[in-house]
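Notes to accompany the following structure.
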Amino acid sequence: MLEVRDLIVDYDKTEVVRGISFEIKKGEIVSLIGANGAGKTTTLRTLTGLKRARSGSVLLEGQAIQGLPAHRIAGLGLAHVPEGRGIFPFMTVPENLEMGGYLNRDKASFRRNLETVFERFPVLRRRQHQLAGSMSGGEQQMLAIGRALMGNPKLLVLDEPSLGLSPVMCQEIVRVLTELRAAGRTIILVEQNARMALRLADRAYVLDRGRIVLQGRGRDLLDNPNVRTAYLGLA
Ligand code: ATP
């Protein structure tokens, strides 16, 4: 579905993504893990058009999308849930969800998508009259994911969904992502929580200072001695 080739991204001529290539197949959860500053967020921002690559290509179902503006890439089916969620705190839950469905001008399918999101996240239905900013961190993360789903995206791009959440809420996120995969969604996930990311992932890539240093099935990487010492804090 998505193919990234020889991607190089820099800030002020300092390369932070230094020639990475990877792919995401339809229906997979692919995780990117790595230390702080490895280039994970920058990679996601480049996929969704928020940052321009110096060179390399990003192909969505064979179509080159690198260099297109972010709204065009969103329209082609990449939905970005940014680190920090990016919800609108002074809007209600349905108003926030509407912002994610803005590409969908047909009222009937908008309502259908809204109902699907409420079914997947019952807490959002219960909180629908509340301002988003007054919800818990976990609920806000559900809202951010729900909003991304409103556009019925081909690829869900998730940056640190578990950041700042309690262990119970992290389990909720794991449950939601597992359900989304079972429903046929394709997901790329960046996580500081490497254990969670590798458990969820069909396949994963380990980034170190802008380069992919390891790749494999999530469960194989969980057993990899280098991954265990460097990223899972296990001897
Ligand atoms: P984290 O988990 O800390 O977000 P990351 O793997 O997502 O780490 P990035 O956020 O992609 O890493 O950052 C990669 C490098 O690029 C870091 O050295 C960071 O300081 C630098 N960087 C990120 N954003 C900018 C920016 N807007 N301007 C300049 N440098 C930046």
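Which residue pairs have Cβ atoms under 6 Å apart, sit 6 or more places apart or on different chains, and have a first residue in region 127-145 that is over 25 Å from L78 (Cβ atoms) and a second that is at pLDDT below 95 and in a helix (DSSP H, G or I)?
R127/V93; Q128/V93; Q128/P94
Is it fair to say G100 is more than 15 Å from V176 (Cβ to Cβ), within 21 Å of the chain's Cα centre (by Cα) and in contact (Cβ under 8 Å) with a residue 60 or more places away in the chain?
Judged against the criteria, G100 is not a match.
With the checklist (1) more than 9 Å from the ligand (Cβ to nearest atom); (2) part of a strand (DSSP E or B); (3) under 19 Å from A201 (Cα atoms); (4) open to solvent by less than 50 Å² (accessible area, probe 1.4 Å) in hand, flag the one item G56 doesn't pass.
(3)
Being more than 16 Å from the ligand (Cβ to nearest atom) and among the hydrophobic types (A, V, I, L, M, F, W, C) is the filter; apply it to region 64-84 and report the residue that is nearest to the chain's Cα centre (by Cα).
It comes out as A79.
Being polar (S, T, N, Q) and within 17 Å of the chain's Cα centre (by Cα) is the filter; apply it to region 126-153 and report the residue that is nearest to G100 (Cα to Cα).
Among those that are polar (S, T, N, Q) and within 17 Å of the chain's Cα centre (by Cα), it is N152.
Which condition number in (1) open to solvent by 30 Å² or more (accessible area, probe 1.4 Å); (2) within 16 Å of the ligand (Cβ to nearest atom) is the one that E61 fails?
Among (1) open to solvent by 30 Å² or more (accessible area, probe 1.4 Å); (2) within 16 Å of the ligand (Cβ to nearest atom), E61 violates only (2).
Restricting to region 199-213, name every residue that is in a loop (DSSP other than H, G, I, E, B), more than 14 Å from the ligand (Cβ to nearest atom) and either modelled with pLDDT under 90 or open to solvent by 50 Å² or more (accessible area, probe 1.4 Å) (or both).
D202, the sole residue that qualifies.
Any idea how many residues of region 150-198 are open to solvent by 10 Å² or more (accessible area, probe 1.4 Å), in a helix (DSSP H, G or I) and touching a strand residue (DSSP E or B) at 6+ places or on another chain (Cβ under 7 Å)?
Counting residues in region 150-198 that are open to solvent by 10 Å² or more (accessible area, probe 1.4 Å), in a helix (DSSP H, G or I) and touching a strand residue (DSSP E or B) at 6+ places or on another chain (Cβ under 7 Å) gives 1.
The values are calculated or read from the model by the stated rules, or taken from the named source; none is laboratory data. Predicted model, so just to flag it, every value in this text is computed and none were measured. FYI the Cβ positions are ideal-geometry reconstructions off the backbone, even for glycines, and counts take in every protein chain you see. For accessibility, only protein heavy atoms count, side chains too; no ligands or nucleic acids. Shrake-Rupley method; radii C 1.70, N 1.55, O 1.52, S 1.80 Å.
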